[in-house]
1. Among the residues of the range 120-151, write down those that are touching a strand residue (DSSP E or B) at 6+ places or on another chain (Cβ under 6 Å) and within 17 Å of residue 17 (Cα to Cα).
2. Kindly evaluate residue 89 against the criterion of being more than 11 Å from the chain's Cα centre (by Cα) and at pLDDT below 95.
3. Could you grab the pairs with beta carbons closer than 7 Å, sequence gap of 6+ or different chains, first residue in the range 116-145 and in contact (Cβ under 8 Å) with a residue 40 or more places away in the chain and aromatic (Phe, Trp, Tyr), second one surrounded by 11 or more Cβ atoms within 10 Å (Cβ to Cβ) and assigned to a loop (DSSP other than H, G, I, E, B)?
4. Filter the range 84-95 down to the residues that are of a type in the set (A, V, I, L, M) and within 24 Å of residue 150 (Cα to Cα), then identify the one that is surrounded by the fewest Cβ atoms within 10 Å (Cβ to Cβ).
5. Taking the conditions exactly as written (touching a residue at least 12 places away in the same chain (Cβ under 8 Å), touching a Ser or Thr at 6+ places or on another chain (Cβ under 9 Å) and in a helix (DSSP H, G or I)), does residue 79 satisfy them or not?
6. Report yes if residue 39 is within 13 Å of the chain's Cα centre (by Cα), at pLDDT 95 or above and more than 25 Å from residue 149 (Cα to Cα), otherwise no.
7. Could you please find all residues in the range 18-31 being closer than 20 Å to residue 115 by Cβ and surrounded by 14 or more Cβ atoms within 10 Å (Cβ to Cβ)?
8. Which of the following residues is surrounded by fewer than 15 Cβ atoms within 10 Å (Cβ to Cβ) and either touching a Gly at 6+ places or on another chain (Cβ under 9 Å) or in contact (Cβ under 8 Å) with a residue 60 or more places away in the chain (or both): 68, 49, 6, 15?
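The values are calculated or read from the model by the stated rules, or taken from the named source; none is laboratory data. As the structure is a prediction and not an experimental result, all values here were calculated from the model. All Cβ positions, glycine included, derive from the backbone under ideal geometry; neighbour counts span all protein chains shown.
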Amino acid sequence: MPHSFSQIYLHVVFSTKNRTPDLQDPTLREVLHAYLAGTCRNLESPALSVGGVEDHIHLLCRFGRTRSVAELVRELKRESSKWLKLQSPDLASFYWQNGYGVFSISPGHVERLKAYIAGQEEHHRAETFQDEFRRLLVKYQIEYDERYVWE
């Protein structure tokens, strides 16, 4: 085959360090989400949806063919962390949690996940981030030890 083809959708989830509510300002969050989408584009993994609340991010992207998942997430966190620290003196010591979750999504579930990401504020009125993340780990049959999930 002379060309390479790939269509892999990823649902990426990561939290602020110690789940601190550093992203309370809705305007800042909106701009951050746009910044993350731009970073995805620059990393050849175009974002289809970015959302979240004050302590974590959900991102749906079409995974590119030139990087590993670890490289993609590392660059997303690194670039957005640097950017956030420049936005406000209050964020000068901002960090993302070391870990993350990445889940593969079938093309048939993309629209439903986009709606889920768009509804994060409403969703988290009823479910904590920790409960949501545990639910995702169970849904995707990922074995985990609770002692090592939270920093």
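1. The answer is 129, and nothing else.
2. Taking the combined requirement at face value, the residue satisfies it.
3. That search, which allows pairs on different chains as well, returns 129/55.
4. Taking the range 84-95 as the starting set, the residues that turn out to be of a type in the set (A, V, I, L, M) are 84, 86, 91-92.
Then drop every residue that is not within 24 Å of residue 150 (Cα to Cα), which leaves 84, 91-92.
Working: 84: 21, 91: 17, 92: 10.
For the range 84-95, the residue satisfying everything is 92.
5. Working: touching a residue at least 12 places away in the same chain (Cβ under 8 Å): yes; touching a Ser or Thr at 6+ places or on another chain (Cβ under 9 Å): yes; in a helix (DSSP H, G or I): yes.
Criteria met by residue 79.
6. Values: within 13 Å of the chain's Cα centre (by Cα): yes; at pLDDT 95 or above: yes; more than 25 Å from residue 149 (Cα to Cα): yes.
Answer is yes for this residue.
7. Step one: of the range 18-31, the residues closer than 20 Å to residue 115 by Cβ are 26, 29-30.
Result: 29, single match.
8. Values: 68 fails: either touching a Gly at 6+ places or on another chain (Cβ under 9 Å) or in contact (Cβ under 8 Å) with a residue 60 or more places away in the chain (or both); 49 fails: surrounded by fewer than 15 Cβ atoms within 10 Å (Cβ to Cβ); 15 fails: surrounded by fewer than 15 Cβ atoms within 10 Å (Cβ to Cβ).
The unique qualifying residue is 6.
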